[in-house]
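The values are calculated or read from the model by the stated rules, or taken from the named source; none is laboratory data. Since the model is a prediction, treat every value here as computed from it, not as a measurement. Counting neighbours? That spans all protein chains shown, and the Cβs are built from the backbone with ideal geometry, glycine included. The area values use the complete protein model at the heavy-atom level, side chains included, leaving out ligands, DNA and RNA. Shrake-Rupley method; radii C 1.70, N 1.55, O 1.52, S 1.80 Å.
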Amino acid sequence: MMQHCMKNITPDSLTGAIFAVEGIRDACVVLNGPTGCKLYHSAVSDGQYSRCLSFDPLEFAEEFYFGQPRIPATYLDGYDYVYGSGEKLIRVLKSISSKDYGLIAVINSPGAALIGDDLPQILKQTLLAAPCFAIENTGYSGSFAEGYQNALDKIFEALPANSTQTVKKSVNLLGFHIYQKHFEYNLKTIKKMLALCGIRVITSPCAGDTAEKITHRAEAELNVVIYPEYGERAAKQMQKQYGIPYIIPTQGAPIGFEAAENFILEVCKKLNAESSRALEELDKVRARAYLFLARYSSLLGLPKGALYSICADSSTAYALTKWLSTYLGMIPSAVVVTNGTEGIFAKKLRTFLKDIGYGEAMNNPIATSPAHIVFADGNTLAQMRLAGQRVGGVEVSLPSLGYMDVMPKTFFGGEGVLFLLEQILNGLRFLE
């Protein structure tokens, strides 16, 4: 059985549901819960995907906001748990009704779900102009993926497709969310690759599109599920409802040259699109990567033979493991998936590691397994360093150690290879 990263840093279904809605450019989550459930989610939402130019907390001093621009909350107390939260919910809904949102979602915290307030009835009474829905229970102790997918179901119900006329050579990109590291530029990189093939992206729900844009989802000729952990259920739903076929790239997320090339070829084959321009651009980057890699290897013999560990969701872990082991010749020490053991890429990851003779890596504890480079969230990296491990660290997921990414970064396509290669080569050099 594969191990998981530390339980205390694994986001749950409440977080998944909140970030699904907060990833829509003009949507608002009203959190029915105490301020302790609001503050972190509001801070991360604004930090990952800022929709406000002001950073002055005094501009958000109105009731329910507590100095933050996102996720107004009912700040439940003992009285509310006895007598109900309906009065506060009506007040907060009326306060945001004039803010021109394209979608409003009321989400219960786990404690609020025990009160038993009829959220749909409260929404009905408030007569909001914007589409709205309620999630009374995101799933007690459920996973981030479960909460995200449940919220996406609700989003699609609240935002019905406004057209089913197919746009030729077009796709939806499914599985992105704002809790992913570098999600914005990862998405832009895929759009750039597809644009070189003459392929248009209709929408990527929950990753920066407006509510109105999501209503065009039925126009896509194909759904491309980048992260099946979060997007496969929606793809199956749209296949059944609108007849849109879907693919899951066989190499996982387009991390590394092989996975990026495979992604381009698979999508182009499905849409009868021309792949040559995108592949040419990828080859140019491949030549640049080889130049730096050959120079570095000739001096130090690395990165071939260096040990690495990974803690990430299975789509990322599989693609990253394949690239590190096959392209760079690095050796897996511990590989941990954060979203369960039975998904398609978790199974592929297990098979790949067994095939190269390192199946035990899936059972090794990441915090104590020796490694030169670790690809993980910031908390895992901090824990390893506190344990005395001298490792290079590359953040591939949240939570973060707080590094400010001023320059746009991506893990995908050719640009992603160069970024990761830069991190690896410099990380190994400073460990010598």
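One table, with the values for the structure above:
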item	result
Top-ranked residue in the range 111-121 [being free of Cβ contacts under 8 Å to residues at least 40 places away in the same chain and over 17 Å from Gly16 (Cα atoms); ranked as most open to solvent (accessible area, probe 1.4 Å)]	Leu114
Test: residue in the range 129-142 that is part of a helix (DSSP H, G or I) and assigned by TED's automatic domain parsing to the domain that holds Gly36	no
Condition broken by Lys213, with the remaining ones in (1) over 23 Å from Leu349 (Cα atoms); (2) crowded, with 24+ Cβ neighbours inside 10 Å satisfied	(2)
So Ser85, is it more than 29 Å from Phe183 (Cα to Cα) and in contact with a strand residue (DSSP E or B) (Cβ under 6 Å, 6 or more places away or on another chain)	yes
Matching residues, the range 240-270, being open to solvent by 50 Å² or more (accessible area, probe 1.4 Å) and β-branched (Val, Ile, Thr)	Thr250
So Ala376, is it in contact with a strand residue (DSSP E or B) (Cβ under 9 Å, 6 or more places away or on another chain), at pLDDT below 95 and open to solvent by less than 70 Å² (accessible area, probe 1.4 Å)	no
Subset of the range 153-184 [under 30 Å from Val394 (Cα atoms) and surrounded by 19 or more Cβ atoms within 10 Å (Cβ to Cβ)]	Asn172, Leu173, Leu174, Gly175, Phe176, His177, Ile178, Tyr179, Gln180, Lys181, His182, Phe183
Qualifying residue in the range 310-320 (condition: at pLDDT 95 or above, closer than 26 Å to Val374 by Cβ and among the acidic types (Asp, Glu))	no
Some residue of the range 122-142 being of a type in the set (Ser, Thr, Tyr), over 30 Å from Ser400 (Cβ atoms) and open to solvent by less than 50 Å² (accessible area, probe 1.4 Å)	yes
Test for Ser333: is it surrounded by 17 or more Cβ atoms within 10 Å (Cβ to Cβ), modelled with pLDDT of 95 or more and not aliphatic (A, V, I, L, M)	yes
Residue in the range 352-367 that is among the small types (Gly, Ala, Ser), touching a Phe, Trp or Tyr at 6+ places or on another chain (Cβ under 7 Å) and either open to solvent by less than 30 Å² (accessible area, probe 1.4 Å) or not assigned by TED's automatic domain parsing to the domain that holds Glu229 (or both) present	no
Top-ranked residue of the range 384-404 - restricted to ones that are in contact with a Lys or Arg (Cβ under 8 Å, 6 or more places away or on another chain) and either part of a loop (DSSP other than H, G, I, E, B) or among the charged types (D, E, K, R) (or both), ranked as nearest to His177 (Cα to Cα)	Leu398
Pair list, Cβ < 6 Å and 6+ apart or interchain, from the range 73-84 residues that are closer than 14 Å to Thr35 by Cβ to residues that are part of a loop (DSSP other than H, G, I, E, B) and open to solvent by 20 Å² or more (accessible area, probe 1.4 Å)	Leu76/Pro34
Selection count where residues are loosely packed, with under 15 Cβ neighbours inside 10 Å and free of Cβ contacts under 8 Å to residues at least 12 places away in the same chain, scope the range 273-326	11
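For (1) assigned by TED's automatic domain parsing to the domain that holds Lys38; (2) open to solvent by 50 Å² or more (accessible area, probe 1.4 Å); (3) touching a Pro at 6+ places or on another chain (Cβ under 9 Å); (4) in contact (Cβ under 8 Å) with a residue 24 or more places away in the chain, each residue gets a yes or a no:
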{"site": "Gly86", "(1), (2), (3), (4)": "yes, no, no, yes"}
{"site": "Leu89", "(1), (2), (3), (4)": "yes, no, no, yes"}
{"site": "Lys94", "(1), (2), (3), (4)": "yes, yes, no, yes"}
{"site": "Ser98", "(1), (2), (3), (4)": "yes, yes, no, no"}
{"site": "Ser109", "(1), (2), (3), (4)": "yes, no, yes, yes"}
